[in-house]
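Trainee: Okay, handing you the structure first.
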Amino acid sequence: ISKGWFSEIQDDLWPGQSFSLKVKEVLHAEKSQFQDIQIVETETYGRCLILDGIIQCTSRDEFSYQEMISFLPLCCHPNPQKVLIVGGGDGGVAREVVKHPLVKEVHQVEIDDRVVELSKKYLPSMACGFDSEKVKLTIGDGFEYMKQHKNEFDVIITDSSDPVGPAVNLFLESYFELLKNALKDGGIICSQAGSFWLDFDHAKKTMKGCGIHFPKVGYAVTSVPSYPCGHIGFIVASLNASRDLKEPVKKFEKSEIDALNLKYYSSEVHSAAFSLPRWVEKHFYE
Ligand code: AAT
């Protein structure tokens, strides 16, 4: 943070570009066992969680990401009773997942207990996800956790940081194989998969790795102004080859959407999220 501005400079993942936020106050900064953690109050984006110099969420736009990574897979599953979240230490994805009326149990594995503790203190509007009785949190590495769980979950959501530091393994082909084995029949996954604007080849490679283990794979997008390029994608994949990912099996009425306090997700947005620009569609699917 220099002269009151935080700049998200990351020479490996987004060389030559950086998004900046004007900072009002640094609320907390520490080095945990796994990463460098900063929580800042910004001028125009509210509170912001930064890990290893990368913005994880801001209170102004986090709902776009947290709702979409949760409701895209949940609404592709006819009966998502048991859900696993990998990562997601701020609690925002847990907050969304427990809203779904069919979800009974949510297990979450997050590597860094300090992210959880600091989110409870500084980001209560997200960390409230941990208050639900449905949520059982385990502190540990997501990749290792997956090796211990077979045939258990209906939906697995990987709310991971970017592929540097502790999250590198969560993008590997072998990770998707572990996900497949941890799912029950007809299971669905959704993983943070980066932006096609930012690293096309990485997104494509992750899609390919997933496609080796899942018969149905799609890529859906959402817009998040505080993420690099203002944009991020998710890999959504199903063990059921005939599942049309674009078409939600659970369609919420507008009144239900409002009752669930969903600000971004709707059935229309679900379908639209899978429509890709021609050059991307060609490279990802053909
Ligand atoms: N909810 C949106 C914020 C995130 S946070 C990503 C989380 O993944 C962090 O809490 C981090 O500690 C956790 N994490 C990283 N590696 C692992 C791992 N191996 N196992 C379990 N948890 C892990 C996503 C931000 C996306 C940023 C896009 N630029």
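Every number in this text was worked out from the coordinates using simple rules, so none of it is lab data. Note that the structure is a prediction, hence the values are computed from the model and not measured. Virtual Cβ from ideal backbone geometry, glycine too; neighbours counted across all protein chains shown.
Trainee: Using only DSSP helix segments of four residues or longer, with each worth -39500 (n - 2.57), what per-residue ellipticity at 222 nm results for the chain after dividing by its residue count and rounding to 500?
Mentor: -8000 deg cm²/dmol
Trainee: When the Debye formula is applied to the Cα atoms of the chain, each taken as the same point scatterer, what base-10 log of I(q)/I(0) results at q = 0.09, 0.12, 0.13, 0.16 Å⁻¹?
Mentor: -0.38, -0.70, -0.84, -1.33
Trainee: How far apart, in nanometres, would the label points at ASP36 and LYS204 be if each is projected 7 angstrom from Cα along the Cα-to-Cβ direction?
Mentor: 3.2
Trainee: Along the charge dipole of segment 22-145, pointing to its positive end and built from +1/-1 on Cβ of Lys, Arg, Asp and Glu, which listed residue (GLN81, ALA29, LEU51) has its Cα farthest out?
Mentor: GLN81
Trainee: Sticking with this structure for a sec: What's the center-to-center distance, using Cα atoms, between segment 1-74 and segment 178-235 in Å?
Mentor: After rounding, the separation between the Cα centres reads 21 Å.
Trainee: What is the magnitude of the charge dipole of the chain about its Cα centre, with +1 placed on the Cβ of each Lys and Arg, -1 on the Cβ of each Asp and Glu, and no other charges, expressed in debye to the nearest 20?
Mentor: So the dipole magnitude of the chain works out to roughly 560 debye.
Trainee: Related question: How large is ³J(HN,Hα), in whole Hz, for each residue of segment 32-46 in order, when computed from phi with the Karplus curve 6.51 cos²θ - 1.76 cosθ + 1.60 and θ = phi - 60°, using x for Gly and Pro?
Mentor: With coefficients 6.51, -1.76 and 1.60, one gets 8, 4, 10, 7, 8, 10, 10, 10, 10, 9, 9, 5, 10, 10, x Hz.
Trainee: For a distance above 24 Å, tell me the whole-number percent of Cα pairs in segment 192-286 that qualify.
Mentor: Working: 1128 of 4465 pairs.
Cα-Cα pairs in segment 192-286 separated by more than 24 Å: 25 percent.
Trainee: I would also like to ask the following. Hey, what do the phi angles of segment 106-117 turn into as Karplus ³J(HN,Hα) couplings, whole Hz, using 6.51/-1.76/1.60 and θ = phi - 60°, x for Gly and Pro?
Mentor: Values, residue by residue: 10, 9, 9, 10, 10, 6, 10, 5, 5, 5, 5, 4 Hz.
Trainee: On to the next question. Positive end of the dipole of the chain, charges at C-beta (+1 Lys, Arg; -1 Asp, Glu), about the Cα centre: which of SER7, CYS128, THR42 has its Cα farthest in that direction?
Mentor: With unit charges placed on the Cβ atoms, the residue in question is CYS128.
Trainee: Projected onto the charge dipole of segment 142-193 (+1 at Lys/Arg Cβ, -1 at Asp/Glu Cβ, origin at the Cα centre), which of CYS190, TYR145, THR158 gives the Cα projection farthest towards the positive end?
Mentor: Towards the positive end, the residue furthest out is TYR145.
Trainee: If I model a spin label at GLN17 and ASP131 as a point 7 Å from the Cα along the Cα→Cβ vector, what separation in nanometres do I get?
Mentor: Computed distance between label sites GLN17 and ASP131 equals 3.8 nm.
Trainee: What is the sum of charges around PRO277, taking Lys and Arg as +1, Asp and Glu as -1, for the other residues whose C-beta is under 15 Å from the C-beta of PRO277? Walk me through the numbers before you get to the answer.
Mentor: Details: positive: LYS204, ARG278, LYS282; negative: GLU281, GLU286.
Result for the local shell: +1.
Trainee: Now for a separate question. On full extension of the chain, what length is gained from LYS120 through SER271, given 0.36 nm per residue of separation minus the C-alpha to C-alpha distance?
Mentor: 51.0 nm
Trainee: Taking amide H positions as placed in the peptide plane 1.01 Å from N, state which residues far from CYS76 in sequence (5 or more) or on other chains have amide H under 5 Å from it.
Mentor: VAL249
Trainee: List the residues whose amide H sits under 5 Å from the amide H of LEU183, counting only those 5 or more places along or on another chain, with H placed 1.01 Å from N in the peptide plane.
Mentor: Counting only residues 5 or more places away or on other chains, the set is ASN151, GLU152, PHE153.
Trainee: Quick check: convex hull over the Cα atoms of segment 44-114, volume per residue in Å³, rounded to an integer?
Mentor: Each residue corresponds to 89 Å³ of Cα convex hull volume.
Trainee: For segment 1-87, taking Cα atoms only, what is the radius of gyration to one decimal and the Dmax to the nearest whole Å?
Mentor: Considering segment 1-87 through its Cα atoms, Rg and Dmax are 15.9, 51 Å.
Trainee: Once a ≥ b ≥ c are taken as the square roots of the eigenvalues of the Cα gyration tensor of segment 210-257, is the result rounded (a/c under 1.5), prolate (a/b larger than b/c) or oblate (a/b not larger than b/c)?
Mentor: oblate
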